[in-house]
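Participant: Dropping a structure here in C-alpha cells format, bear with me for questions.
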Amino acid sequence: MISPILKTYAYLKKDSLLLYKRKKYLYLFILLPLIIATLFLFALNPKDYDIKVGICDFDQTDISTQAFQNLNGFSPIILENKNCLEKMQEQIKQSKIDIGLEIGEGFTQNLEELKQSKLVVYYDNTDIAFANLISWKIDQSLQPFKRQIIDNLNQELDTKINSVRSGVDLALEFSDFSKTLQNKIQETDDDLKSLEEMNTEFLTNPIWTDKQPIYDEDLKKDAGIIYIFPILAIFIILMLSSTSIIYDKNCGFITRVKASSSPIFYILAKLIFFTALTAIQFAIILILFMFYGTKYAIDPAAILHLILFIGIINTALGLIIGLIANNEGIAVLFSLMISFPLMLISGIFFPTQALPKTIQWISTILPLHYQIAATKQTLLFSQTFQTTWVYLAIILFATTYYLIRKN
C-alpha cells in the first residue's frame, strides 16, 4: 500500500512536470510578475526621469535664476520673454515640455523685503496622473531653495537685531550729539519697521506656487474617457479576437478556409467584426460619460478614423496572439500580459514623465500610447491625427496572413 506521503509526492511531481512541459504557461508564470513588479518599483522609486520645464523669467535676477536651477528632478529650458507665456502653453500642448514655470517681476524684491514670492506653474490638466503629481512635486523640489532663504533670513535677523542694539547703545552714549543721534535713531527705526512689516507667512513658506491648468478645469473630468476607452479596448479586443481564431483553428475552420479560398477575406472579416465591437464599446462609454455631463467634440469622420485605428490594430494583434498560442487559456494570459503592463505605463495611474527614460521610450513606441493620444485629439480638441498607423496595420495584416499560411 502506497503511503500518503508518497502519493502527495507523486502528485507534486506530476504537476511540476506538467508545468515544465507547458512552456508557455511557465514563461508567463515567470515573466508576468517580473514585468509588473519592475514597473511598480520604477514608478515608486524613480531615479532616471527627466521632466522638462519651460521657464519664463520676468525677474531676470540671480535669485530668480537660482529658484529654477534648484528644482531637483527637473530640466529647465529658458524661453524668450517675448510672448513667453503663449509659447510656453503651446509647447505644453504639443508635449515639447512637460510643465511651465512663470517667475514674475518683483520676485527677488519680495524676498528681500521678507514678503512671500509667487511662482506660477502651468500644466496639462488632461494628463490625469501627471496633474496630480504636480500638486506636490514642485513644492518638494523647491525645499532646498526655501531652506536657503530661511537660513539667509536668520542671518539677516541677527544682523538687524545687532544693528538695533548698537543703535540704542550709541544713542545712550552720544545723546549730546544731536545730528549723530538723529541719523542713528532713523536707521534704528527703519530696521524696526522692517521687522514689524515682516509677513509671518514668509517664515513658514517664503515661496508659494500657484498651479494654473492650461485647459478649462472641466476638461479634467472629460479627460477620463481618453484613458478608459483605449485601455478597455486593447484588453477586450485582444482577448476576444485571439480566442476567436483559436476556436477556428481547433475546430478545423481555418484549414477549410485555406483549402477553399484565400485567407485574406477571412482576416478582413475578422477585422471588420471586431472593429464593429470596438465601435459598440466606444458608444457605450461615450454615452455613459455624456450622461454625467461631459462634453466632447463630436466629429463623425474623426471618430470613425479613431475607431478604425484602435479596432484594426488591436484585432490584428489579437489574431497574432491567437495564432501563436496553443489554447484559449494561453491567449487570455498573453492578452493580460500585454495589456496590463501597458495600462500601468499609460499615464492613468503613474505619470510617464516620472518614469525612467527607458520606460518612457518603450511606452511611446507601443500602440496604447498612440491610441490614448489619438482619442485625446479627437474627442477633446476635434483634431485629426496622423494616418501613419496604416503602415503598422499593413505589417500586422501581412504577419497574420503569413502565420495562417504557415499553420
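Participant: Under a 5 Å amide H to amide H cut-off, with H placed in plane at 1.01 Å, what residues pair with Y122 once short-range neighbours are removed?
Facilitator: The answer is G100, L101, E102, Q212.
Participant: Let me know the shape class of the stretch 219-406, please: from the alpha-carbon gyration tensor, a ≥ b ≥ c as square roots of the eigenvalues, rounded when a/c is under 1.5, otherwise prolate if a/b is greater than b/c, or oblate.
Facilitator: Prolate.
Participant: Full extension from T384 to T358: what is 0.36 nm times the residue separation minus their Cα-Cα distance, to one decimal in nm?
Facilitator: 6.5 nm
Participant: Return the FRET efficiency for the residue pair Y247, S75: r is the Cβ-Cβ distance, R0 is 60 Å, and the value is rounded to the nearest 0.05.
Facilitator: So the FRET efficiency works out to roughly 0.75.
Participant: With a ≥ b ≥ c taken as the square roots of the eigenvalues of the C-alpha gyration tensor of the stretch 320-407, please select rounded if a/c is under 1.5 and otherwise prolate if a/b is larger than b/c or oblate if it is not?
Facilitator: oblate
None of the figures in this text is laboratory data; all of them are computed from the coordinates on show. Treat the numbers as computed from the prediction; the structure is a model and nothing was measured. As a convention, Cβ positions derive from the backbone with ideal geometry for all residues, glycine included, and neighbour counts pool all protein chains shown.
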